[in-house]
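**Student:** Structure below; questions to follow.
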């Protein structure tokens, strides 16, 4: 245990490890890489996924939000052209907006976006589905029209599945991520 950086004080605690039935993990950085990545892009019918990504990335480029890095990384992985934002404004706890490609682009939580434009039930259902999968959703509006959303999630470490399988083999019945 010590070689793995685990300090166990007293033999009784080591003995009790053989009898555990439940374990709780801190998700970020334990079972995951701690590196969020874009997993999904949904758009309105008139606009391509790549263009939504370009518009959102242009706004996020100026942002200090932790998910901005994932969006910009996805843009670079797809070798898409970076669009230039002007008049950037951050709205604390909600999102940000800027002028990009002649349009005012708002990027943020669906709750905020829904105060700026009409969001239909189908979009709300898709957001709920992504959130149930543990994903964070960034929604986007252009000139008062919903244009799309991006799902972002932390990626599992390659060894996470093996660890969970071993815990099953040790008869650990309950596994929880916090």
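The values are calculated or read from the model by the stated rules, or taken from the named source; none is laboratory data. Predicted model, so just to flag it, every value in this text is computed and none were measured. Because the Cβ atoms are built from the backbone with ideal geometry, glycine has one as well, and the counts that use them run over all protein chains shown.
**Student:** Can residue 67 be described as exposed (fewer than 15 other Cβ atoms within 10 Å of the Cβ), in the same structural domain as residue 50 (by TED's automatic domain parsing) and closer than 18 Å to residue 53 by Cβ?
**Tutor:** The answer is no for residue 67.
**Student:** Got a sec? Which of 134, 151, 93 is surrounded by 12 or more Cβ atoms within 10 Å (Cβ to Cβ), at positive phi and either touching a residue at least 40 places away in the same chain (Cβ under 8 Å) or not in a strand (DSSP E or B) (or both)? So that I can check it myself, show each step before the final result.
**Tutor:** Details: 151 fails: at positive phi; 93 fails: surrounded by 12 or more Cβ atoms within 10 Å (Cβ to Cβ).
That would be 134, the only listed residue that is surrounded by 12 or more Cβ atoms within 10 Å (Cβ to Cβ), at positive phi and either touching a residue at least 40 places away in the same chain (Cβ under 8 Å) or not in a strand (DSSP E or B) (or both).
**Student:** Which residues, counting only those in region 63-89, are in a strand (DSSP E or B) and either within 15 Å of the chain's Cα centre (by Cα) or at pLDDT below 95 (or both)?
**Tutor:** If the condition is that a residue be in a strand (DSSP E or B) and either within 15 Å of the chain's Cα centre (by Cα) or at pLDDT below 95 (or both), then no residue fits.
**Student:** On to the next question. Could you check region 19-38 and list, in sequence order, the residues that are in a loop (DSSP other than H, G, I, E, B) and either at positive phi or out of contact with any strand residue (DSSP E or B) (no Cβ under 6 Å at 6 or more places or on another chain) (or both)? Don't jump to the end; show me each part of the working.
**Tutor:** First, pick out the residues of region 19-38 that are in a loop (DSSP other than H, G, I, E, B): 19-21, 26, 31.
Hits for region 19-38 are 19, 20, 21, 26.
**Student:** Tell me, please, whether a residue that is part of a loop (DSSP other than H, G, I, E, B) and within 25 Å of residue 128 (Cβ to Cβ) can be found in region 4-18.
**Tutor:** Within region 4-18, not a single residue is part of a loop (DSSP other than H, G, I, E, B) and within 25 Å of residue 128 (Cβ to Cβ).
**Student:** Scan region 43-62 and tell me whether some residue there is assigned to a strand (DSSP E or B) and either outside the structural domain of residue 164 (by TED's automatic domain parsing) or exposed (fewer than 14 other Cβ atoms within 10 Å of the Cβ) (or both).
**Tutor:** For region 43-62, residues assigned to a strand (DSSP E or B) and either outside the structural domain of residue 164 (by TED's automatic domain parsing) or exposed (fewer than 14 other Cβ atoms within 10 Å of the Cβ) (or both): present.
**Student:** Determine, yes or no, whether residue 129 is part of a helix (DSSP H, G or I), surrounded by 13 or more Cβ atoms within 10 Å (Cβ to Cβ) and free of Cβ contacts under 8 Å to residues at least 60 places away in the same chain.
**Tutor:** Considered against the rule, which asks whether it is part of a helix (DSSP H, G or I), surrounded by 13 or more Cβ atoms within 10 Å (Cβ to Cβ) and free of Cβ contacts under 8 Å to residues at least 60 places away in the same chain, residue 129 comes out as yes.
**Student:** Does at least one position in region 108-116 carry a residue that is out of contact with any helix residue (DSSP H, G or I) (no Cβ under 8 Å at 6 or more places or on another chain), closer than 22 Å to residue 38 by Cα, assigned by TED's automatic domain parsing to the domain that holds residue 22 and not in a strand (DSSP E or B)?
**Tutor:** Checked region 108-116: no residue is out of contact with any helix residue (DSSP H, G or I) (no Cβ under 8 Å at 6 or more places or on another chain), closer than 22 Å to residue 38 by Cα, assigned by TED's automatic domain parsing to the domain that holds residue 22 and not in a strand (DSSP E or B).
Yes/no per residue for (1) more than 15 Å from residue 44 (Cβ to Cβ); (2) free of Cβ contacts under 8 Å to residues at least 60 places away in the same chain:
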| site | (1), (2) |
| --- | --- |
| 99 | yes, yes |
| 103 | no, yes |
| 157 | yes, no |
| 165 | yes, yes |
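**Student:** Kindly provide the set of residues from region 90-123 that are within 17 Å of the chain's Cα centre (by Cα) and farther than 17 Å from residue 152 by Cβ, ordered by number.
**Tutor:** If the condition is that a residue be within 17 Å of the chain's Cα centre (by Cα) and farther than 17 Å from residue 152 by Cβ, then 93 is the only one that fits.
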